[in-house]
Every structure is written in structure tokens, then in C-alpha cells.
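The values are calculated or read from the model by the stated rules, or taken from the named source; none is laboratory data. All values derive from a computational prediction rather than experimental measurement. We place every Cβ from the backbone using ideal geometry, glycine too, and count neighbours over all the protein chains shown. The accessibility values were calculated without ligands, DNA or RNA, using every heavy atom of the protein model including side chains. Shrake-Rupley method; radii C 1.70, N 1.55, O 1.52, S 1.80 Å.
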Amino acid sequence: PAAADYTSDAPEGHEVGQQLPDFTVTCLDGSKFHLADQRGKVTFINFWATYCTPCVQELPHFNELYKAHEGDVAMIALHAAFASKDPKEYLADKGYVFPFAHDADGSVLELTGGTGTMPQTVVLNRKGEVIYNKSGSVTPELLEAACEVARQLAKTF
């Protein structure tokens, strides 16, 4: 079979059906997360803050999804630019296996059309196209359903 083509001709933007513009962030562990490198994977972008109770309550759901679909999903949790507490200390003993970064200048939040109401989750299909972009808490069921929908929308025949 031919190699899958994960290019998109969708217009750039943050609305459902649009291709999210590329970005790169430095993760808290020093590694880089480059959105363009995630093509071919279902990608989850989560905006959170240490002071946001719904945010910290849903982080374990993202961790479980990431572990359950290792290699098939990409994920980044971005700590809000306007949050003053250092997330490294908060995360130190949590055992999360997916990458975290600080959206220090708010540029990624701006790319996703975020308002600063957290948590906010953005889900991209394998072609980098937005299939979900909402503020508010997510459940494990919603994350799993979004993962499955993203897979189906990017099937190449």
C-alpha cells in the first residue's frame, strides 16, 4: 500500500475543519514540541493552570489516553501564560508521561482562538485539522470519542 498522505489543503485557523497553524514550544523537560512533527497522529492540545481545579482534575484523563494510545496520539499540555505559579513544582510527583510546556507569551493560546477560559482542549486529526476546540472540562469518554473521530476523519484510502 502507498504511504499515507497527511497533508491538508484546509485553510489555516482554529475553527473545526481548519488546519491549525504550526507552532513550536519548549517543554518543561527541555525537549521541543513542534506541531508539524505530529502529522499522522491524533493530536491533543490542552490549556491548563495549577490554580484551575477542573484543569488539574482532567490531567489524569489525558495521561491515561496518552498511555493507552502510545505512538498513535501526540499531546501537549500548555500552562497558561497569565498563571504565576511554576507548573514544574506542581507536576514533580504526578507521574505524567506526556509533555508539558509553558505558553509563556500566550502565542499558542492566541493561535487556537482561546479566550483564557480554562481548561481548553483542542483535538486535531492526523492531517492537523481541528475537530474539537472548546473550553470546559473533558471526560475520559469524550477524549476517547474525539480520538476515534479524529482517526476516522483522516483515513486515507
### Query
Between the DSSP loop rule and a limit of at most 12 other Cβ atoms within 10 Å, which chymotrypsin sites (Phe, Trp or Tyr not before Pro) in region 30-91 are left?
Phe82
### Task
Give the ranking of Ser31, Ser84, Ser137 by solvent-accessible surface, highest area first, calculated with a 1.4 Å probe.
Ser84, Ser137, Ser31
### Query
Counting DSSP beta bridges with both partners in region 13-124, what percentage is antiparallel, nearest 5?
45 percent
### Query
Charges only on Cβ, +1 for Lys and Arg, -1 for Asp and Glu: so what's the dipole of region 15-157 about the Cα centre, in debye to the nearest 20?
280 debye
### Query
Taking every eigenvalue of the Cα gyration tensor of the chain, multiplying by 5 and rooting it, what semi-axes result, largest first, whole Å?
24, 16, 15
## Note on the structure
D (µm²/s, integer) via Stokes-Einstein for region 33-75, Kirkwood Rh across alpha-carbon pairs, 37 °C, 0.692 mPa s: value 290 µm²/s
### Task
Show Val130, Val149 ordered by accessible area, largest first, where the area counts protein heavy atoms only and the probe is 1.4 Å.
Val149, Val130
### Distance between modelled label sites at Glu15 and Glu141, nm, 7 Å Cα→Cβ extension
3.0 nm
### Query
Under a Cβ-Cβ limit of 4.7 Å, which cysteines in the chain have nobody to pair with?
Cys27, Cys147
### Message
Could you compute the net charge surrounding Gln18? Neighbours are other residues with a C-beta less than 12 Å from the C-beta of Gln18; K and R count +1, D and E count -1.
### Response
-3
## Note on the structure
Full extension between Lys94 and Asp37 adds, at 0.36 nm per residue less the Cα distance, a length in nm of 17.9 nm
### Message
Given 20 °C and 1.002 mPa s, compute D for region 1-78 with the Stokes-Einstein relation, Rh being the Kirkwood radius over Cα pairs; round to the nearest whole µm²/s.
### Response
149 µm²/s
### Per DSSP, loop trypsin sites (Lys or Arg not before Pro) in region 86-128 with at most 14 further Cβ within 10 Å
Lys94
### Task
Taking the chain as the reference, fit the longest principal axis to its C-alpha atoms, fit the long axis of helix 140-153 to the helix C-alpha atoms, and give the angle between the two in degrees, 0 to 90, nearest 10.
30 degrees
### Message
Can you compute the helix-only [θ] at 222 nm over the chain? Use -39500 (n - 2.57) per DSSP H run of at least 4 residues, normalise by all residues, nearest 500 deg cm²/dmol.
### Response
-7500 deg cm²/dmol
